[in-house]
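Have a look at the structure below before the remarks.
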Amino acid sequence: MSRKPLVRECPPTTWYFRQPRYLRYMSREITSIFVGAYCVLLVVGLQRLAAGPAAWEGFLLALRSPASIVFQFLCLIAAVYHAATWFNATQKAMPLQIGEDFVPGNVISGAHYAVWILLSLVVMFFAGVF
Amino acid sequence: MAKSHKPVVWFPFAAGGTVIAFCIPVIVLLTFLAALGHVPAGLSYEKLHAFAAGGIGKLVLFGVIALSAWSSAHRLRCTCYDFGLRADTLVATVLYVAAIVGSIAAALFLLRI
Amino acid sequence: MTPLKERLVQLEVLRYNPDTDTEAHFQRYEVMCQEEWVVLDALNKIKADIDPTLNYRWSCHMAVCGSCGMMINGEPKLSCHAFLRSYEGVIRVEPLAHFPIERDLVTAPDDFMEKLKRVKPYVIPKEEKPISEGEYKQTPAQLMKFRQYSMCINCMLCYAACPQYGLTPSFIGPAALTLAHRYNLDSRDGGRKERMEVVATKEGVWECTFVGACSEVCPAHVDPASALQQLKIVGSIDWIVEHLIPGGKS
Ligand code: SF4
Ligand code: FES
């Protein structure tokens, strides 16, 4: 019997609407736009810092524009979302076997969250937030 | 098919992803506070300049910026493909070059501090 | 004993007849089912009572053989494991996504089979020894290292879930790469090098962007996404050893 299989193409520009989990994946990937843009902001900040006190004050002032506030708020959400997805993935990428059993995945991810929060608090402390 | 050289771009992507996860949220939080008018003491010119003037400070700032930039450039490359933009070589070149240029700029500014 | 509850179930089934059709089309069926049935039972009832021309694959009816995979309301599922009670309204049944349709709900698995072969999913002994020397021994800890990855039933649901496979059909894909990892992790195996020649290529693990859908749909809890993440790390370390460490290539 001859075969005539019907090939269906995966729609290259709209596939992620097919399942909610694809949208979740795409939102994780899109965080990179915000992180990338934020890196540009950091480089500009370094340039201003190198240019002297007046330039730096001007940079701090520019940060207070409404557009900058909205942008940084979005960056904050993106960065935290990236962190959560990243830490959740650590248990998959780096499983830990002790004797016969594997350390439960949420212990590995949980440890990452704990270090993250601790590190953030330390940075905030040294930055004089409190 | 020969083995791929993808690790060259993937390894720094993975390292950068880890750096973004651990460091970027709190850094954004600091500048966000500054944006809201509560400039943390550490972001004053004297404090930050002193930090960036030291060797460790330079290394930390450069490491965070370079790895984060590379990681987001690489992820953005994959995202472009996912959105149906198939000119992968062009996209990859533009994004990786942007990340490298940004890192070099960061290094140069740091050396001036 | 309480009488079994019956329910009139509506199914919308994708049909394709290679002898007469150039396109696939949906056909609506209404069939009286028992509340605790699975979608496969409903299909069997349709085939027995309403439409004997309906084609689909199944065998074990107990989530073991892996032959009854279908898209049910857009989600890759084993139809023998998809309970009617978890669905309301019309249930849409389609052949597994990303595979060519052979006929109705039957897909052509040729591509997956070919890829499976390529990764050499069997133990390649480190050292051959005569049977007289006894078995290749393994401790429970060595077994646990890969056990989860050996549970694959080759149902291909992960391929139907993986957008990267859909977008780039040359991608070796979740189940085959996971099996490569499973044998790489086996203490009796010495074939890692051969397998990495296939795994560490562009169409191998590097096509994966860690969407994670494969692990979410896998009925055997294999977690292919984790295997692929680990393979990327292995592949990267191999690359460093081969290119940056003098003498590392040999
Ligand atoms: S990994 Fe899971 S979903 Fe994929 S073929 Fe094996 S059993 Fe099926
Ligand atoms: S019939 Fe065997 S897995 Fe469903």
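Below is a table of values for the structure above.
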item: Scope the range A:81-115; condition open to solvent by less than 60 Å² (accessible area, probe 1.4 Å) and closer than 24 Å to B:A69 by Cβ; matching residues; result: A:H82, A:A83, A:A84, A:T85, A:W86, A:F87, A:A89, A:T90, A:A93, A:H112
item: C:F210 open to solvent by less than 30 Å² (accessible area, probe 1.4 Å) and not in a helix (DSSP H, G or I); result: no
item: Top-ranked residue in the range B:14-43 [being open to solvent by 20 Å² or more (accessible area, probe 1.4 Å) and touching a Lys or Arg at 6+ places or on another chain (Cβ under 7 Å); ranked as farthest from the other protein chains (Cβ to nearest Cβ)]; result: B:G37
item: Residue under evaluation C:I172, criteria (1) crowded, with 16+ Cβ neighbours inside 10 Å; (2) in a helix (DSSP H, G or I); (3) more than 14 Å from chain A (Cβ to nearest Cβ); (4) more than 9 Å from ligand 1 (Cβ to nearest atom), criterion not met; result: (2)
item: Residues satisfying the stated conditions in the range C:159-168, i.e. within 16 Å of ligand 1 (Cβ to nearest atom) and within 11 Å of another protein chain (Cβ to nearest Cβ); result: C:A160, C:A161, C:C162, C:P163, C:Q164, C:Y165, C:G166
item: The range C:206-233 - residue that is under 16 Å from the mean Cα position of the chain (by Cα) and among the β-branched types (V, I, T) and, of those, farthest from ligand 2 (Cβ to nearest atom); result: C:V211
item: All helices (runs of 4 or more DSSP H) inside the range B:30-113 with 2 or more residues being out of contact with any helix residue (DSSP H, G or I) (no Cβ under 9 Å at 6 or more places or on another chain); result: B:55-82, B:88-112
item: Any hit, the range C:52-74, residues being without any contact (Cβ under 8 Å) to a residue 40 or more places away in the chain, facing chain A (nearest Cβ under 10 Å) and more than 30 Å from A:P104 (Cα to Cα); result: yes
item: Elements of type strands (runs of 3 or more DSSP E) contained in the range C:7-89, each with 3 or more residues being within 16 Å of ligand 2 (Cβ to nearest atom) and out of contact with any helix residue (DSSP H, G or I) (no Cβ under 6 Å at 6 or more places or on another chain); result: C:75-78
item: Residue within the range B:36-56 that is of a type in the set (S, T, Y) and touching a residue at least 40 places away in the same chain (Cβ under 8 Å) present; result: no
item: Some residue of the range C:132-143 being assigned to a helix (DSSP H, G or I), away from chain A (no Cβ under 14 Å) and in contact with a Cys (Cβ under 8 Å, 6 or more places away or on another chain); result: no
item: Lone qualifier among C:N73, C:N154 - being of a type in the set (S, T, N, Q) and within 13 Å of ligand 1 (Cβ to nearest atom); result: C:N154
item: Selection status of B:F22, under 18 Å from the mean Cα position of the chain (by Cα) and within 29 Å of A:R24 (Cβ to Cβ); result: yes
item: Sole residue being touching a residue at least 24 places away in the same chain (Cβ under 8 Å) and not small (G, A, S), chosen from C:P140, C:P169; result: C:P169
item: Of all residues in the range A:45-90 being of a type in the set (F, W, Y) and more than 19 Å from the chain's Cα centre (by Cα), the one that is nearest to B:F109 (Cα to Cα); result: A:W56
item: Answer from C:L228, C:L177 - the residue that is aliphatic (A, V, I, L, M), within 10 Å of ligand 1 (Cβ to nearest atom), open to solvent by less than 10 Å² (accessible area, probe 1.4 Å) and more than 14 Å from B:K3 (Cβ to Cβ); result: C:L177
item: Residues of the range B:75-93 classified as more than 8 Å from chain A (Cβ to nearest Cβ) and either within 16 Å of A:C39 (Cα to Cα) or among the basic types (K, R) (or both), total; result: 1
item: Any hit, the range C:185-200, residues being facing chain A (nearest Cβ under 9 Å) and either within 16 Å of ligand 2 (Cβ to nearest atom) or open to solvent by less than 30 Å² (accessible area, probe 1.4 Å) (or both); result: no
item: Filter pass, C:G247 being without any contact (Cβ under 8 Å) to a residue 40 or more places away in the chain and outside any helix (DSSP H, G or I); result: yes
item: Selected residue (only one of C:E128, C:E203, C:E114 is away from chain A (no Cβ under 14 Å), assigned to a loop (DSSP other than H, G, I, E, B), over 24 Å from C:S236 (Cβ atoms) and more than 11 Å from ligand 1 (Cβ to nearest atom)); result: C:E128
item: Residue within the range A:48-59 that is crowded, with 18+ Cβ neighbours inside 10 Å, at the interface with chain B (Cβ under 8 Å from one of its Cβ atoms) and of a type in the set (G, A, S) present; result: no
item: All positions within the range A:32-44 that are within 8 Å of chain B (Cβ to nearest Cβ) and open to solvent by less than 50 Å² (accessible area, probe 1.4 Å); result: A:S32, A:V35, A:G36, A:Y38, A:C39, A:L41, A:L42, A:V43
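The values are calculated or read from the model by the stated rules, or taken from the named source; none is laboratory data. Since the model is a prediction, treat every value here as computed from it, not as a measurement. Backbone-built Cβ (ideal geometry, glycine too); neighbour counts: all protein chains shown. What goes into the accessible areas is simple: the full protein's heavy atoms, side chains included, and nothing from ligands, DNA or RNA. Shrake-Rupley method; radii C 1.70, N 1.55, O 1.52, S 1.80 Å.
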